[in-house]
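**Student:** I have a structure here, written as structure tokens, and I will follow up with some questions on it.
The values are calculated or read from the model by the stated rules, or taken from the named source; none is laboratory data. Remember, it's a predicted structure, so these values are computed and weren't measured experimentally. Here Cβ is always computed from backbone atoms with ideal geometry, including for glycine, and neighbour counts include all displayed protein chains.
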Amino acid sequence: MAAEGIIFNIQSFSVQDGPGIRTTVFFKGCNLRCAWCHNPESWKFEPQIQFYPEKCIGCGNCFSVCPNGVHVAAEEHILRRENCTACGRCADECYAGALALTGRRMTAEELFRRIQVDQPYYQKSGGGVTFSGGECMMQPDFLAELLHLCREAGIQTAVDTAGHCPWEKLERMLSDADLFLYDLKAYSPALHKKLTGVENGQILSNFEKLLEYGARVIVRIPCIPGANWEEIPQLADYLAGKPVELVELLAYHKLGEGKRKALDMAIESFTVPSKADMQEMTDLFESKGIPVRCSGV
Amino acid sequence: MEERIVVSDAYRARIRSMHDTKVKLNKEKLAAYGGSIDIDDHGFIYFDGFTFQPDYPDESGVLYGCRAIGQNLRRFLNEIPVYIHPDSALTGAWAGVFQNFANIGLRPEDRPVQFAELHKKYGITQSGIGGMNHLGPDMTIGFRDGLPGLLEKVRWYRQFNAPADTDFYDGEEAVVLGMMEYTARHRDYARELAEKETDPFRRANYEKMADVNDALLNRPPRTFREACQFLAIFQSVDRTYYAGGALGQLDELLRPFYEKDVKDGVLTDEEAVWMIASLFYNDTHYSQIGGQLPDGSRGLTSHVSFLILEAAHLLHIPYNLAVRVYEDESCDPLLRRAVEYILEDGSGPSFSLSEGIETGYTRQGHPRELARMRAKVGCNWVALPGIEYPLQDVTRLNLAWAFLYALDEVMESGNPNLDDLWTHFLAHMKIMVNCIKDGYDWHYEVVSRNTPEVVLNLFCHGPIERGVNSASGGVDIINLNVDGIALATVADSFAAIEQRVVREKKLTWQEMYEAVKSNFEGKENIRLMLKNIPRFGNPDSLANNWALKIRDSYVAEVLSSKTPKHHLTVIPGMFSHGDVFAYGKRLPATPNGRKYGDPISHSAEPDPGFAQGLVSFSPTLKANAVASVQPGMGNSAPLHLDIDVDMLQRAGGADTLCTLIHVHNQMGGTLLNLNCVTKEQIRQAHADPDSQPDLVVRVTGYSAFFASLSKEYRQQVVDRYLSDEK
């Protein structure tokens, strides 16, 4: 086995993506386009150049090394992204850190060695490794090998997925994954499509199959006033009585806006829910007997 | 899990009153000391207008020698104003270090002028020569003998040994008499206050204070309160003399008194908490709680350990308490409680880690049983109470100087290359280490006739019995520490040259050198090129390899020989204290992109902002780096973690931190200093220190009011908090 994948971040001491102390590995590439996404660099499967103009010192290195004329000195430094092949030469020469290449290809073995360093933290805390994204299910060979390597080493794993994939792909992970962090973003197919670009029939079907199989599942629901807020109560009804380990209500935050700007992507801003709003929503889930936790406020 | 101690509102109010006074006094001290105090936030009281006229032994105008110092210290203790806080259980305060009032030090002919040139060349401002007070007392000696017993002991051994020169015993006798007179003055002052007091509790409290002090003048302490008062007297005098600051294993020291008083029905838990809080109000002496019996068969945590934590938590002022961490479940209840208080208070105890400290000590040739007995009783340092003279934290070798001289030499050679740079670096490092070793021989020869440990000798095993100062064979173990600093600065500099000059050839040696020598003037792009490499702490970086290589060579160099003349044992350490600004101030630019005057790296830590590229900053990333480069001989090279509590807001935050601490211990770490406030809080306090006058932070091994620190020291803490945003 020598599966290779592309990732854009390794975050150790992660305490928000599953139990205990974890390392979260962010896979690059996603098949959803959530309007609020706080990891917009995760959408494409290829490396991308991020540009932080506030760090630019005007050295001009990027202009001289780029073979495709991507960097243009107009009134301000702009990028002709349509010409960019993400070769990374400009980022290599940008010592001020204004340009960064996001996305790095690694073999499963390479990545495994990196995450294994923190194994004592996982063991002591009941933590492990969370494979997130992007959508980690979009790189199934890479993911499957990583899960297997972790299993063999005795490292607990979690797969953080939106579940929009053929069931066979998820089924393949069941033997090695210890936990699924399963995102539910809206209840109705229409709203789901409006917010993420896809309907949620396959997502809910896969979710139910996971539960039927007896997988450990933590449901994660982003809570975004003006987007999916109105449908969250319907998700509560849907989840009532289902054997999920926990439902996590994640309050929307705006931390992804800077990253969108760095990729020249349009910024769609939503309202950040108040603590009281989140408490109300939490109470609703509790009233239905659903194990729930709120975070992000 | 031990239940939290129940403390009534009345006792909470008394403890709070001491907290409020401390904040108020701190403002007064700041005004008197020019706006900031970067050292340990000692508990001294600033007595405006108090002066002291020393009796110097000769025309040199220097106060030196045991008798002269002892007699002057005795006079000083008789002249400083008496002090009793109305809501404290204990009497006394200290009025600032003695050397602020007397020109105390090495007599002119004993000054190390022969080292001046080397010290200047290599920026050695802390050579260890004349280093004081970096040993730990065994307070069971004081508890066994009491003040009268100590006096009797000094007199008996003077007569029994009948030395040709009684200077040593005369000085020690004067110190004990001074302590007794200080005690008597506070007894009388407490009586005086009691007579005037109308509040029934306070009146009774003053009377009790007077009785306790009177008892201590006549016999050893017998009750918990008397033991606390004895410690307060000791730490007031100890701190006065060269800012001594070690108490020892506080829970075990107090446990016999607590158990006896509770059995006798004369002490409640809340009274005990109040008395301990009063002791912490008196001074920030370093002490340890937890740990194991020497044979490792039982944990030392007791109910008293929790009383001590509770007192520190309720008082909520700077205090220097360490929880000893080891790998057994008996460690966990106390560790967990300490972490809970840090999450509530923002800072709290530090964590002294057994694995690195004990295994390292066994590498010095000592048995594990002895290693377990070492207590964390200094900013970073640990010592065997009463039997070890380790002199940690009194030397600094700024290895960046060795690097810069090496760089100059290889550039002058006309054929610069990494191998030669390394060889020259090692040569300069050797000169620096040997300079300290020579200096320690000098220290051994001269310190005892100049500035003997007149207070700590009384509480060590040997000095009084032998008639010898602890620095010169008074105690059994002498193992002198040498701290090498700027590890990351040098490792990153080597790595920057290797990557940018040797491997990538983006710069020639000459271009790099010219940029460094010009302090990167007009060469910002080159500076950033050199700075923005994967730095020490980044997984798989070249800098990590350099850091390990430097650590290994430094440790080997220090251990390669004993001191040349007296064959004293020398031990490597890596602790910079908070002095990274001071040591960077006169250091020219370095190839890691650091400009002239910028701070050097801290102890064995990576620089803030080290995590770049694929990896994001995390506490574990930093912890792993620090654990990997420990000098490994039992002396602490601390890890500072400043964790945003927002990140730990979920239930389980305390468990997470406990795991972090345990794993750092397992990986060979030695000391962990933890702050847990929000980034927003630290930003606001930095911008406007007065807005949060009682925010306490752990600077390095010691804690302080954040508002007391200079802007540079505050910046250190802020940089650590915001290291993921660099």
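**Student:** Residue by residue through segment B:343-371, note down the ones that are under 17 Å from B:HIS664 (Cβ atoms) and out of contact with any helix residue (DSSP H, G or I) (no Cβ under 9 Å at 6 or more places or on another chain). It would help to see each step written out before you state the result.
**Tutor:** Step one: list which residues in segment B:343-371 are under 17 Å from B:HIS664 (Cβ atoms), which gives B:348-360.
The answer is B:SER350, B:SER352.
**Student:** For the list (1) in contact with a helix residue (DSSP H, G or I) (Cβ under 9 Å, 6 or more places away or on another chain); (2) in a loop (DSSP other than H, G, I, E, B), I need the number of the one condition that B:ARG336 fails.
**Tutor:** If we test B:ARG336 against (1) in contact with a helix residue (DSSP H, G or I) (Cβ under 9 Å, 6 or more places away or on another chain); (2) in a loop (DSSP other than H, G, I, E, B), just (2) comes out false.
**Student:** Only one of these is of a type in the set (A, V, I, L, M, F, W, C), touching a Pro at 6+ places or on another chain (Cβ under 7 Å) and more than 8 Å from chain A (Cβ to nearest Cβ): B:ALA611, B:ALA625. Name it. Walk me through how you get there before you give the answer.
**Tutor:** Details: B:ALA611 fails: touching a Pro at 6+ places or on another chain (Cβ under 7 Å).
Every option except B:ALA625 fails the conditions.
**Student:** Go through segment B:348-366 residue by residue and tally those that are within 21 Å of B:VAL304 (Cα to Cα) and of a type in the set (S, T, N, Q). Even if it seems obvious, please write down each step before you answer.
**Tutor:** Within segment B:348-366, the first condition is being within 21 Å of B:VAL304 (Cα to Cα), and the residues that meet it are B:348-354.
Applying the additional criterion that residues be of a type in the set (S, T, N, Q) yields B:350, B:352, B:354.
Selection size over segment B:348-366: 3.
**Student:** While we're on this one: Against the definition (surrounded by 15 or more Cβ atoms within 10 Å (Cβ to Cβ), within 20 Å of the chain's Cα centre (by Cα) and in a loop (DSSP other than H, G, I, E, B)), how does B:ALA232 come out, yes or no? Show your work before the answer.
**Tutor:** On the way: surrounded by 15 or more Cβ atoms within 10 Å (Cβ to Cβ): yes; within 20 Å of the chain's Cα centre (by Cα): yes; in a loop (DSSP other than H, G, I, E, B): no.
Taking the combined requirement at face value, the residue does not satisfy it.
**Student:** If you take the residues of segment A:6-42 that are small (Gly, Ala, Ser) and away from chain B (no Cβ under 13 Å), which of them is surrounded by the most Cβ atoms within 10 Å (Cβ to Cβ)? Walk me through it before giving the result.
**Tutor:** Narrowing segment A:6-42 to residues small (Gly, Ala, Ser): A:12, A:14, A:18, A:20, A:29, A:35, A:42.
Filter once more, keeping what is away from chain B (no Cβ under 13 Å): A:29, A:35, A:42.
Working: A:GLY29: 20, A:ALA35: 17, A:SER42: 27.
The qualifying residue surrounded by the most Cβ atoms within 10 Å (Cβ to Cβ) is A:SER42.
**Student:** Within segment B:444-475, which residues are over 15 Å from B:ARG158 (Cβ atoms), part of a helix (DSSP H, G or I), out of contact with any Leu (no Cβ under 7 Å at 6 or more places or on another chain) and not small (Gly, Ala, Ser)?
**Tutor:** B:GLU445, B:VAL447, B:ARG449, B:PHE459
**Student:** From A:LEU174, A:LEU184, which residue is out of contact with any His (no Cβ under 7 Å at 6 or more places or on another chain), at pLDDT 95 or above, assigned by TED's automatic domain parsing to the domain that holds A:GLY20 and crowded, with 23+ Cβ neighbours inside 10 Å? Even if it seems obvious, please write down each step before you answer.
**Tutor:** On the way: A:LEU174 fails: crowded, with 23+ Cβ neighbours inside 10 Å.
Step by step, each of A:LEU174, A:LEU184 is checked, and only A:LEU184 is out of contact with any His (no Cβ under 7 Å at 6 or more places or on another chain), at pLDDT 95 or above, assigned by TED's automatic domain parsing to the domain that holds A:GLY20 and crowded, with 23+ Cβ neighbours inside 10 Å.
**Student:** If we scan segment B:572-595, do we find a residue that is modelled with pLDDT of 95 or more, in contact with a strand residue (DSSP E or B) (Cβ under 7 Å, 6 or more places away or on another chain) and over 22 Å from B:GLN716 (Cα atoms)?
**Tutor:** yes
**Student:** Scan B:TRP422, B:TRP442, B:TRP381 and give me the residue that is within 26 Å of B:PHE581 (Cα to Cα), in contact with a helix residue (DSSP H, G or I) (Cβ under 9 Å, 6 or more places away or on another chain) and of a type in the set (Phe, Trp, Tyr). Show your work before the answer.
**Tutor:** Details: B:TRP442 fails: within 26 Å of B:PHE581 (Cα to Cα); B:TRP381 fails: in contact with a helix residue (DSSP H, G or I) (Cβ under 9 Å, 6 or more places away or on another chain).
Of B:TRP422, B:TRP442, B:TRP381, the one residue that is within 26 Å of B:PHE581 (Cα to Cα), in contact with a helix residue (DSSP H, G or I) (Cβ under 9 Å, 6 or more places away or on another chain) and of a type in the set (Phe, Trp, Tyr) is B:TRP422.
**Student:** Mind telling me which of the residues B:VAL645, B:VAL663, B:VAL677 ends up being within 19 Å of B:GLN716 (Cα to Cα), within 12 Å of another protein chain (Cβ to nearest Cβ) and of a type in the set (A, V, I, L, M, F, W, C)?
**Tutor:** Values: B:VAL663 fails: within 19 Å of B:GLN716 (Cα to Cα); B:VAL677 fails: within 12 Å of another protein chain (Cβ to nearest Cβ).
Testing whether each residue is within 19 Å of B:GLN716 (Cα to Cα), within 12 Å of another protein chain (Cβ to nearest Cβ) and of a type in the set (A, V, I, L, M, F, W, C) leaves just B:VAL645.
**Student:** Still on this structure, I have one more. Starting from residues that are of a type in the set (Lys, Arg) and part of a helix (DSSP H, G or I), keep the ones in segment A:81-113 and report whichever is modelled with the lowest pLDDT.
**Tutor:** So in segment A:81-113, the residues of a type in the set (Lys, Arg) come out as A:81, A:89, A:104-105, A:113.
Subset that is part of a helix (DSSP H, G or I): A:81, A:89, A:113.
Numbers: A:ARG81: 90, A:ARG89: 93, A:ARG113: 96.
That would be A:ARG81.
**Student:** May I ask you to say which residue of B:GLU271, B:GLU252 is touching a residue at least 12 places away in the same chain (Cβ under 8 Å), in contact with a Leu (Cβ under 7 Å, 6 or more places away or on another chain) and not in a loop (DSSP other than H, G, I, E, B)?
**Tutor:** Working: B:GLU271 fails: in contact with a Leu (Cβ under 7 Å, 6 or more places away or on another chain).
Of B:GLU271, B:GLU252, the one residue that is touching a residue at least 12 places away in the same chain (Cβ under 8 Å), in contact with a Leu (Cβ under 7 Å, 6 or more places away or on another chain) and not in a loop (DSSP other than H, G, I, E, B) is B:GLU252.
**Student:** Would you confirm whether any residue within segment A:127-134 is touching a strand residue (DSSP E or B) at 6+ places or on another chain (Cβ under 7 Å) and within 11 Å of another protein chain (Cβ to nearest Cβ)?
**Tutor:** Looking only at segment A:127-134, we keep the residues that are touching a strand residue (DSSP E or B) at 6+ places or on another chain (Cβ under 7 Å), and these are A:127-134.
Pick out the ones that are also within 11 Å of another protein chain (Cβ to nearest Cβ) and you get A:127.
There is at least one residue in segment A:127-134 that is touching a strand residue (DSSP E or B) at 6+ places or on another chain (Cβ under 7 Å) and within 11 Å of another protein chain (Cβ to nearest Cβ).
**Student:** Which condition does A:GLN50 not pass, out of (1) in a loop (DSSP other than H, G, I, E, B); (2) in contact with a strand residue (DSSP E or B) (Cβ under 6 Å, 6 or more places away or on another chain), if it passes all the others?
**Tutor:** Condition (1) is where A:GLN50 drops out.
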